[in-house]
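Below is one structure, written out as structure tokens; the observations come after it.
The values are calculated or read from the model by the stated rules, or taken from the named source; none is laboratory data. Every value quoted in this text rests on a predicted model; they were computed, and no experiment measured them. We place every Cβ from the backbone using ideal geometry, glycine too, and count neighbours over all the protein chains shown.
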Amino acid sequence: DFINISGFSKVLLDPIFFGAGNSFIETFQHGTPMVTWPNNFLRTRLALGLYKQMAILDAPVADSVDSYVNLSVELANNDKKNLNLRRQIIENSNKYFFNNHEVIREYEDFFINCVDKK
């Protein structure tokens, strides 16, 4: 239900001080943008990391309470910006996240090196 409802939402909010990494990944199929405000805790940096991995240059990443609110309102009201970001998330999540086989090769190299060192 959450995944389907997220497709009807204009914007998702990454919970401040908690983070929503898995939830964000689940919504990639709809491309619904998630406003995030990362801090020093890893749990708050997952959405930021996913945006970076997907090469989303204009990701809605806040640096204060005011920018968190402003980005959220802007994405909810600016259809052109929202649709552009949705397209980027859908296209780039497939290209750089789901169909990225580089991590598989990195794991292969890691395990081969571990076996070779024994």
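Set side by side, the residues R45, R86 differ, and just one is under 21 Å from F2 (Cα atoms), among the charged types (D, E, K, R) and either surrounded by 14 or more Cβ atoms within 10 Å (Cβ to Cβ) or in contact with a strand residue (DSSP E or B) (Cβ under 8 Å, 6 or more places away or on another chain) (or both), which is R86. Summed over the range 60-113, residues that are outside any helix (DSSP H, G or I) and at pLDDT 95 or above total 6.
Would you check if I56 is buried (at least 17 other Cβ atoms within 10 Å of the Cβ) and either on the phi < 0 side of the Ramachandran plot or among the polar types (S, T, N, Q) (or both)? Taking the combined requirement at face value, the residue satisfies it. Picking from residues in the range 12-27 that are over 21 Å from E74 (Cβ atoms) and of a type outside the set (G, A, S), the one that is surrounded by the most Cβ atoms within 10 Å (Cβ to Cβ) is I25. Residues of the range 25-47 that are out of contact with any Leu (no Cβ under 8 Å at 6 or more places or on another chain) and of a type outside the set (S, T, N, Q): E26, F28, H30, W37, F41, L42, R43, R45, L46, A47. Remark: V115 falls outside the filter, which requires a residue to be free of Cβ contacts under 8 Å to residues at least 40 places away in the same chain, over 16 Å from A47 (Cα atoms), surrounded by 13 or more Cβ atoms within 10 Å (Cβ to Cβ) and out of contact with any His (no Cβ under 7 Å at 6 or more places or on another chain).
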